[in-house]
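The values are calculated or read from the model by the stated rules, or taken from the named source; none is laboratory data. None of the values given here were measured: they were computed from a predicted structure. Glycine gets a Cβ as well: all are built from the backbone with ideal geometry, and neighbour counts include every protein chain shown. SASA here: full protein model, heavy atoms, side chains in, ligands and nucleic acids out. Shrake-Rupley method; radii C 1.70, N 1.55, O 1.52, S 1.80 Å.
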Amino acid sequence: MIAVVIFLTFSLFTYFVWDYFNSKRRRELLSKIPSPKSIPFINHAGHFVNKLPEDILKILTKFTKEFGSIWYFTIPGTTNIIVSDPKVAEVVLSSQKLIDKSTDYDMIVPWLGTG
């Protein structure tokens with residue numbers, strides 16, 4: 001039993017150390033973009049838990065007014081950068097350098113096309 005606890009503790013510690021160093025560059029880049037306050041381990045998920053879709057839309061609208069046309073939020077496992085300025089969105093979506101779009105982009109392909 002003690003060996004299992006030691007193994008799990010060591011595994012968790014190793015994972016968090018690996019994650020810290022593995023995501024260092026991402027954290028450095030994201031630190032330049034405004035975001036709502038975050039809670040350790042759950043990040044920004046606390047803002048969206050147990051909310052109806054229309055409430056989530058109101059929260060996103062409020063954050064856009066508060067943080068401007070570019071901001072981000074992180075939910076464990078994913079970081080979402082919100083861009084509400086059409087000119088900036090055009091640059092990102094039409095970039096040949098940023099060619100790999102997320103799965104979220106698939107929803108707007110019928111509207112924007114693939115060009």
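First compute the accessible area of the chain with a 1.4 Å probe, then give the percent of it belonging to carbon and sulfur atoms.
Carbon and sulfur atoms account for 66 percent of the accessible area of the chain.
Could you calculate the contour length gain from Phe21 to Asp106, that is, 0.36 nm times the residue separation minus the distance between their Cα atoms, to one decimal place in nm?
Using 0.36 nm per residue and subtracting the Cα-Cα distance, I get 27.5 nm.
Give the total of Lys-Lys pairs in the chain with Cα-Cα distances below 19 Å; include a pair only if its members are 8 or more places apart or on different chains.
Counting lysine pairs in the chain gives 11.
Compute the helix-to-body angle for 53-67: its Cα long axis versus the longest principal axis of the chain, expressed 0 to 90° and rounded to tens.
The angle comes out at about 80 degrees.
Determine the shape class of the stretch 1-42: with a ≥ b ≥ c the square roots of the Cα gyration tensor eigenvalues, call it rounded for a/c under 1.5, and otherwise prolate if a/b is greater than b/c, oblate otherwise.
Note, shape of the stretch 1-42 comes out oblate.
Residues with beta-carbon under 14 Å from that of Pro34, excluding Pro34: net charge, scoring Lys, Arg +1 and Asp, Glu -1?
That sum, taken over residues with Cβ under 14 Å, equals +2.
Specify whether the C-alpha gyration tensor of the stretch 15-115 places it in the rounded, prolate or oblate class, a ≥ b ≥ c being the square roots of the eigenvalues: rounded for a/c under 1.5, otherwise prolate if a/b is larger than b/c and oblate if not.
Taking the square roots of the gyration eigenvalues as a ≥ b ≥ c, the stretch 15-115 is oblate.
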